[in-house]
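The values are calculated or read from the model by the stated rules, or taken from the named source; none is laboratory data. Please read these numbers as outputs of a predicted model, since none were measured by experiment. Counting neighbours? That spans all protein chains shown, and the Cβs are built from the backbone with ideal geometry, glycine included.
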Amino acid sequence: MNTREAASPAAAAPLVELRAAGKRYGNIIALRDVSLEVSPGEVTCVLGDNGAGKSTLIKIIAGLHQNTEGAYLVDGQEVKFTSPREALNRGIATVYQDLAVAPLMPVWRNFFLGSEVSTGWGPFRRLDVEFMRETAKKELLDMGIDLRDVDQPIGTLSGGERQCVAIARAVYFGAKVLILDEPTAALGVKQSGVVLRYIIQARDRGLGVIFITHNPHHAYPVGDRFLLLKRGQSIGYHEKSEISLEELTGLMAGGAELEQLVHELRQVGTSTDEVRVIRDEIEEDTAAGVGHVPVTEAVNIRDLPETEGK
(Lines give C-alpha, C1' and ligand atoms only; values in the text may rest on other atoms or scores of the structure.)
Protein backbone atom coordinates (compact mmCIF):
# COMPACT_ATOMS: atom_id res chain seq x y z
CA MET A 1 0.00 0.00 0.00
CA ASN A 2 1.50 3.37 -1.01
CA THR A 3 1.83 6.44 1.18
CA ARG A 4 -1.17 8.19 -0.26
CA GLU A 5 -3.45 5.19 0.27
CA ALA A 6 -2.26 4.98 3.86
CA ALA A 7 -2.91 8.67 4.37
CA SER A 8 -6.43 8.75 2.94
CA PRO A 9 -8.70 6.57 5.05
CA ALA A 10 -12.05 7.95 6.07
CA ALA A 11 -11.06 10.31 8.85
CA ALA A 12 -13.16 11.62 11.71
CA ALA A 13 -12.61 15.19 10.57
CA PRO A 14 -10.68 17.08 7.88
CA LEU A 15 -7.34 18.62 8.81
CA VAL A 16 -8.78 22.06 8.04
CA GLU A 17 -12.37 23.07 7.36
CA LEU A 18 -14.17 26.33 6.69
CA ARG A 19 -17.95 26.47 7.10
CA ALA A 20 -19.67 29.46 5.49
CA ALA A 21 -16.69 31.59 6.50
CA GLY A 22 -16.66 35.32 5.86
CA LYS A 23 -14.53 38.35 6.59
CA ARG A 24 -15.60 41.97 6.95
CA TYR A 25 -13.36 45.01 7.27
CA GLY A 26 -15.86 47.52 8.61
CA ASN A 27 -18.48 47.90 5.88
CA ILE A 28 -16.31 46.14 3.30
CA ILE A 29 -17.08 42.47 2.68
CA ALA A 30 -13.84 40.79 1.59
CA LEU A 31 -15.10 37.20 1.84
CA ARG A 32 -18.58 35.78 2.21
CA ASP A 33 -20.04 32.30 2.72
CA VAL A 34 -16.98 30.27 1.68
CA SER A 35 -16.65 26.59 2.62
CA LEU A 36 -13.84 24.13 1.96
CA GLU A 37 -12.21 21.00 3.36
CA VAL A 38 -8.57 19.94 3.39
CA SER A 39 -7.89 16.25 4.07
CA PRO A 40 -4.63 14.32 4.43
CA GLY A 41 -3.09 13.30 1.12
CA GLU A 42 -5.24 15.67 -0.94
CA VAL A 43 -4.68 18.91 -2.85
CA THR A 44 -7.40 21.53 -2.60
CA CYS A 45 -6.99 24.21 -5.28
CA VAL A 46 -8.34 27.71 -4.73
CA LEU A 47 -8.73 29.57 -8.02
CA GLY A 48 -9.66 33.15 -8.79
CA ASP A 49 -8.48 36.31 -10.49
CA ASN A 50 -7.01 39.32 -8.70
CA GLY A 51 -9.46 40.64 -6.13
CA ALA A 52 -11.34 37.34 -5.90
CA GLY A 53 -10.60 36.91 -2.18
CA LYS A 54 -7.73 34.42 -2.33
CA SER A 55 -5.42 36.52 -0.13
CA THR A 56 -8.11 37.00 2.50
CA LEU A 57 -8.74 33.26 2.55
CA ILE A 58 -5.03 32.57 3.04
CA LYS A 59 -4.81 35.06 5.90
CA ILE A 60 -7.71 33.44 7.74
CA ILE A 61 -6.36 29.89 7.43
CA ALA A 62 -2.78 31.00 8.24
CA GLY A 63 -3.91 32.76 11.42
CA LEU A 64 -3.07 36.30 10.31
CA HIS A 65 -6.71 37.42 10.40
CA GLN A 66 -9.81 35.98 12.04
CA ASN A 67 -13.02 35.17 10.22
CA THR A 68 -15.92 37.40 11.27
CA GLU A 69 -18.59 34.98 10.04
CA GLY A 70 -18.94 31.21 9.91
CA ALA A 71 -16.57 28.70 11.49
CA TYR A 72 -12.91 27.70 11.09
CA LEU A 73 -12.10 24.18 12.31
CA VAL A 74 -8.79 22.35 12.71
CA ASP A 75 -9.01 18.59 13.30
CA GLY A 76 -12.72 19.04 14.00
CA GLN A 77 -12.25 21.74 16.66
CA GLU A 78 -13.30 25.34 16.08
CA VAL A 79 -10.37 27.73 16.41
CA LYS A 80 -9.71 31.47 16.52
CA PHE A 81 -6.01 31.94 15.86
CA THR A 82 -4.53 35.23 16.99
CA SER A 83 -1.23 34.86 15.13
CA PRO A 84 0.45 32.79 12.40
CA ARG A 85 2.59 31.17 15.12
CA GLU A 86 -0.52 29.59 16.64
CA ALA A 87 -1.46 28.17 13.25
CA LEU A 88 2.08 26.91 12.73
CA ASN A 89 2.01 25.20 16.13
CA ARG A 90 -1.09 23.32 14.90
CA GLY A 91 0.78 22.19 11.78
CA ILE A 92 -0.46 24.81 9.29
CA ALA A 93 2.46 26.26 7.30
CA THR A 94 2.23 28.94 4.60
CA VAL A 95 4.69 29.42 1.75
CA TYR A 96 4.09 32.89 0.32
CA GLN A 97 4.77 33.94 -3.25
CA ASP A 98 7.45 36.43 -2.15
CA LEU A 99 9.60 33.89 -0.32
CA ALA A 100 11.21 35.18 2.88
CA VAL A 101 14.78 34.12 2.17
CA ALA A 102 18.21 35.65 2.68
CA PRO A 103 19.63 35.43 -0.88
CA LEU A 104 23.30 35.58 0.13
CA MET A 105 23.02 32.91 2.84
CA PRO A 106 23.57 29.24 1.96
CA VAL A 107 20.66 26.90 1.32
CA TRP A 108 21.09 25.06 4.64
CA ARG A 109 21.06 28.33 6.60
CA ASN A 110 17.81 29.41 4.93
CA PHE A 111 16.37 25.95 5.57
CA PHE A 112 16.79 26.51 9.34
CA LEU A 113 16.29 30.30 9.30
CA GLY A 114 14.62 31.29 12.56
CA SER A 115 14.86 27.72 13.91
CA GLU A 116 18.63 27.24 14.10
CA VAL A 117 20.00 24.19 15.93
CA SER A 118 22.81 24.73 18.42
CA THR A 119 25.12 22.48 20.38
CA GLY A 120 27.14 22.84 23.57
CA TRP A 121 26.15 24.93 26.60
CA GLY A 122 26.89 28.24 28.26
CA PRO A 123 29.76 30.19 26.72
CA PHE A 124 30.59 27.15 24.55
CA ARG A 125 27.17 27.11 22.84
CA ARG A 126 27.40 27.39 19.04
CA LEU A 127 25.46 26.59 15.88
CA ASP A 128 25.48 22.91 14.95
CA VAL A 129 26.48 23.62 11.36
CA GLU A 130 27.23 20.01 10.45
CA PHE A 131 23.83 18.76 11.64
CA MET A 132 21.95 21.51 9.82
CA ARG A 133 23.92 21.01 6.62
CA GLU A 134 23.40 17.23 6.58
CA THR A 135 19.73 17.49 7.58
CA ALA A 136 18.95 20.05 4.89
CA LYS A 137 20.58 17.90 2.21
CA LYS A 138 18.77 14.74 3.39
CA GLU A 139 15.35 16.41 3.57
CA LEU A 140 15.76 17.94 0.14
CA LEU A 141 16.79 14.56 -1.27
CA ASP A 142 13.74 12.93 0.35
CA MET A 143 11.59 15.42 -1.57
CA GLY A 144 13.47 14.59 -4.75
CA ILE A 145 15.49 17.82 -4.78
CA ASP A 146 19.11 16.97 -5.59
CA LEU A 147 21.09 20.19 -5.18
CA ARG A 148 24.72 20.35 -6.17
CA ASP A 149 25.74 21.93 -2.88
CA VAL A 150 23.66 23.09 0.12
CA ASP A 151 26.45 25.60 0.85
CA GLN A 152 25.63 27.60 -2.27
CA PRO A 153 23.72 30.86 -1.73
CA ILE A 154 19.99 30.28 -2.09
CA GLY A 155 19.88 33.31 -4.38
CA THR A 156 21.70 31.28 -7.04
CA LEU A 157 18.80 28.81 -7.27
CA SER A 158 15.98 29.16 -9.77
CA GLY A 159 12.57 30.35 -8.62
CA GLY A 160 11.18 26.83 -8.78
CA GLU A 161 14.05 25.43 -6.72
CA ARG A 162 13.59 28.10 -4.05
CA GLN A 163 9.88 27.24 -3.84
CA CYS A 164 10.77 23.57 -3.43
CA VAL A 165 13.26 24.33 -0.63
CA ALA A 166 10.46 26.19 1.18
CA ILE A 167 8.12 23.22 0.74
CA ALA A 168 10.74 20.76 2.05
CA ARG A 169 11.40 23.06 5.02
CA ALA A 170 7.72 23.16 5.96
CA VAL A 171 7.49 19.36 5.75
CA TYR A 172 10.57 18.93 7.96
CA PHE A 173 9.22 21.23 10.67
CA GLY A 174 6.05 19.18 11.01
CA ALA A 175 3.50 20.79 8.71
CA LYS A 176 0.29 18.82 8.29
CA VAL A 177 -1.33 21.44 6.08
CA LEU A 178 0.72 23.31 3.48
CA ILE A 179 -0.66 26.55 1.98
CA LEU A 180 1.06 27.56 -1.25
CA ASP A 181 0.39 31.14 -2.36
CA GLU A 182 0.61 31.26 -6.17
CA PRO A 183 3.91 29.33 -6.28
CA THR A 184 3.97 29.18 -10.10
CA ALA A 185 2.83 32.76 -10.82
CA ALA A 186 6.28 34.20 -11.53
CA LEU A 187 7.85 31.04 -12.96
CA GLY A 188 8.52 29.88 -16.50
CA VAL A 189 7.10 26.77 -18.09
CA LYS A 190 9.77 24.30 -16.98
CA GLN A 191 10.03 25.62 -13.41
CA SER A 192 6.24 25.53 -13.03
CA GLY A 193 6.38 21.83 -13.84
CA VAL A 194 9.09 21.37 -11.18
CA VAL A 195 6.89 22.97 -8.50
CA LEU A 196 3.87 20.90 -9.53
CA ARG A 197 5.96 17.76 -9.12
CA TYR A 198 6.87 18.71 -5.55
CA ILE A 199 3.27 19.53 -4.72
CA ILE A 200 2.50 15.93 -5.64
CA GLN A 201 5.45 14.79 -3.50
CA ALA A 202 4.01 16.63 -0.49
CA ARG A 203 0.55 15.21 -1.15
CA ASP A 204 1.91 11.67 -1.40
CA ARG A 205 3.64 12.11 1.96
CA GLY A 206 0.22 12.58 3.54
CA LEU A 207 0.04 16.37 3.78
CA GLY A 208 -3.09 18.35 3.05
CA VAL A 209 -2.16 20.96 0.45
CA ILE A 210 -3.98 24.21 -0.34
CA PHE A 211 -2.77 25.39 -3.74
CA ILE A 212 -3.69 29.02 -4.47
CA THR A 213 -3.52 29.90 -8.17
CA HIS A 214 -5.22 31.79 -10.96
CA ASN A 215 -4.21 29.19 -13.56
CA PRO A 216 -6.56 26.20 -14.03
CA HIS A 217 -3.95 24.45 -16.20
CA HIS A 218 -1.58 24.34 -13.24
CA ALA A 219 -4.31 23.35 -10.78
CA TYR A 220 -6.12 20.59 -12.65
CA PRO A 221 -3.23 18.08 -13.04
CA VAL A 222 -2.50 18.04 -9.29
CA GLY A 223 -5.82 19.00 -7.67
CA ASP A 224 -8.38 16.77 -5.96
CA ARG A 225 -10.86 19.56 -5.14
CA PHE A 226 -11.40 22.97 -6.69
CA LEU A 227 -12.83 26.07 -5.01
CA LEU A 228 -13.51 28.95 -7.39
CA LEU A 229 -13.75 32.46 -5.98
CA LYS A 230 -15.09 35.62 -7.60
CA ARG A 231 -15.43 38.95 -5.78
CA GLY A 232 -15.14 37.30 -2.39
CA GLN A 233 -17.76 34.61 -3.01
CA SER A 234 -17.63 30.97 -4.04
CA ILE A 235 -18.87 30.33 -7.57
CA GLY A 236 -18.18 26.60 -7.39
CA TYR A 237 -16.69 23.86 -5.26
CA HIS A 238 -16.04 20.63 -7.14
CA GLU A 239 -14.40 17.25 -6.78
CA LYS A 240 -12.12 16.40 -9.69
CA SER A 241 -14.52 13.70 -10.86
CA GLU A 242 -17.28 16.32 -11.17
CA ILE A 243 -15.55 18.78 -13.48
CA SER A 244 -13.34 18.66 -16.57
CA LEU A 245 -10.41 20.93 -17.36
CA GLU A 246 -12.46 22.60 -20.07
CA GLU A 247 -15.31 23.33 -17.66
CA LEU A 248 -12.90 24.63 -15.03
CA THR A 249 -11.23 26.86 -17.60
CA GLY A 250 -14.61 28.12 -18.78
CA LEU A 251 -15.62 29.09 -15.25
CA MET A 252 -12.30 30.84 -14.71
CA ALA A 253 -12.19 32.58 -18.09
CA GLY A 254 -15.83 33.62 -17.98
CA GLY A 255 -17.43 31.62 -20.79
CA ALA A 256 -20.58 33.74 -20.69
CA GLU A 257 -18.52 36.94 -20.98
CA LEU A 258 -16.67 35.51 -23.99
CA GLU A 259 -19.95 34.65 -25.73
CA GLN A 260 -21.26 38.16 -25.02
CA LEU A 261 -18.09 39.66 -26.49
CA VAL A 262 -18.47 37.54 -29.63
CA HIS A 263 -22.09 38.68 -29.95
CA GLU A 264 -21.06 42.33 -29.65
CA LEU A 265 -18.35 41.86 -32.29
CA ARG A 266 -20.91 40.34 -34.65
CA GLN A 267 -23.27 43.26 -34.10
CA VAL A 268 -20.67 45.85 -35.11
CA GLY A 269 -19.63 43.76 -38.09
CA THR A 270 -16.17 42.89 -36.85
CA SER A 271 -14.70 40.13 -39.02
CA THR A 272 -12.52 37.60 -37.27
CA ASP A 273 -12.24 33.86 -37.53
CA GLU A 274 -11.16 32.94 -34.06
CA VAL A 275 -10.61 34.02 -30.52
CA ARG A 276 -7.41 32.72 -28.98
CA VAL A 277 -7.50 31.59 -25.37
CA ILE A 278 -4.02 32.02 -23.90
CA ARG A 279 -2.73 29.02 -21.96
CA ASP A 280 0.58 28.24 -20.34
CA GLU A 281 2.47 25.43 -21.98
CA ILE A 282 3.74 22.83 -19.53
CA GLU A 283 6.02 20.05 -20.69
CA GLU A 284 4.72 16.55 -20.17
CA ASP A 285 5.94 14.92 -16.95
CA THR A 286 4.66 11.37 -16.61
CA ALA A 287 6.15 10.95 -13.13
CA ALA A 288 4.12 13.86 -11.83
CA GLY A 289 1.07 13.08 -13.94
CA VAL A 290 1.38 16.41 -15.73
CA GLY A 291 0.43 16.30 -19.39
CA HIS A 292 1.47 18.64 -22.18
CA VAL A 293 -0.66 21.78 -22.47
CA PRO A 294 -0.51 23.91 -25.67
CA VAL A 295 0.29 27.60 -25.52
CA THR A 296 -2.95 28.66 -27.20
CA GLU A 297 -6.19 27.09 -28.22
CA ALA A 298 -8.05 28.56 -31.15
CA VAL A 299 -11.78 28.90 -30.59
CA ASN A 300 -13.66 29.32 -33.86
CA ILE A 301 -16.37 31.94 -33.51
CA ARG A 302 -18.57 30.03 -35.95
CA ASP A 303 -18.57 27.08 -33.55
CA LEU A 304 -19.84 29.15 -30.63
CA PRO A 305 -23.58 29.15 -29.99
CA GLU A 306 -25.49 32.17 -31.19
CA THR A 307 -26.39 34.55 -28.36
CA GLU A 308 -30.11 34.87 -27.79
CA GLY A 309 -31.67 37.95 -29.13
CA LYS A 310 -29.15 38.50 -31.87
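Which of the residues that make up the range 138-156 are modelled with pLDDT of 85 or more and either within 23 Å of V46 (Cα to Cα) or assigned to a loop (DSSP other than H, G, I, E, B) (or both)? Once the filter is applied, which keeps residues that are modelled with pLDDT of 85 or more and either within 23 Å of V46 (Cα to Cα) or assigned to a loop (DSSP other than H, G, I, E, B) (or both), the range 138-156 yields D149, V150, D151, Q152.
Report yes if T135 is of a type in the set (S, T, Y) and modelled with pLDDT of 90 or more, otherwise no. Yes. In the range 79-87, the count of residues that are modelled with pLDDT of 90 or more, among the acidic types (D, E) and on the phi > 0 side of the Ramachandran plot is zero.
Scanning the range 166-179 for residues that are touching a residue at least 60 places away in the same chain (Cβ under 8 Å) and touching a helix residue (DSSP H, G or I) at 6+ places or on another chain (Cβ under 7 Å) yields I167, Y172, L178, I179.
Note on the range 187-206: residues that are out of contact with any helix residue (DSSP H, G or I) (no Cβ under 7 Å at 6 or more places or on another chain) and either without any contact (Cβ under 8 Å) to a residue 40 or more places away in the chain or part of a loop (DSSP other than H, G, I, E, B) (or both) amount to 1. The condition of being surrounded by fewer than 20 Cβ atoms within 10 Å (Cβ to Cβ) and free of Cβ contacts under 8 Å to residues at least 40 places away in the same chain holds for only one of T184, T156, that being T156. Beta carbons closer than 9 Å, at least 6 apart along the sequence or on distinct chains, pair a first residue in the range 229-257 that is at pLDDT below 90 with a second that is part of a helix (DSSP H, G or I) and of a type in the set (V, I, T) for G232/T56; G255/T249. Going by the conditions given, is G70 closer than 27 Å to R231 by Cβ, in a loop (DSSP other than H, G, I, E, B) and out of contact with any helix residue (DSSP H, G or I) (no Cβ under 7 Å at 6 or more places or on another chain)? Spelling it out, it is not the case that G70 is closer than 27 Å to R231 by Cβ, in a loop (DSSP other than H, G, I, E, B) and out of contact with any helix residue (DSSP H, G or I) (no Cβ under 7 Å at 6 or more places or on another chain). Scanning the range 67-110 for residues being surrounded by 15 or more Cβ atoms within 10 Å (Cβ to Cβ), without any contact (Cβ under 8 Å) to a residue 24 or more places away in the chain and among the hydrophobic types (A, V, I, L, M, F, W, C) gives a total of 2. Looking across the range 73-96, the residues that are β-branched (V, I, T) and in a loop (DSSP other than H, G, I, E, B) come down to V79, T82. When restricted to residues that are under 20 Å from L18 (Cβ atoms) and β-branched (V, I, T), the range 80-107 contains 4. Counting only residues that are modelled with pLDDT of 90 or more and closer than 11 Å to G155 by Cα, the range 94-126 holds 5 of them.
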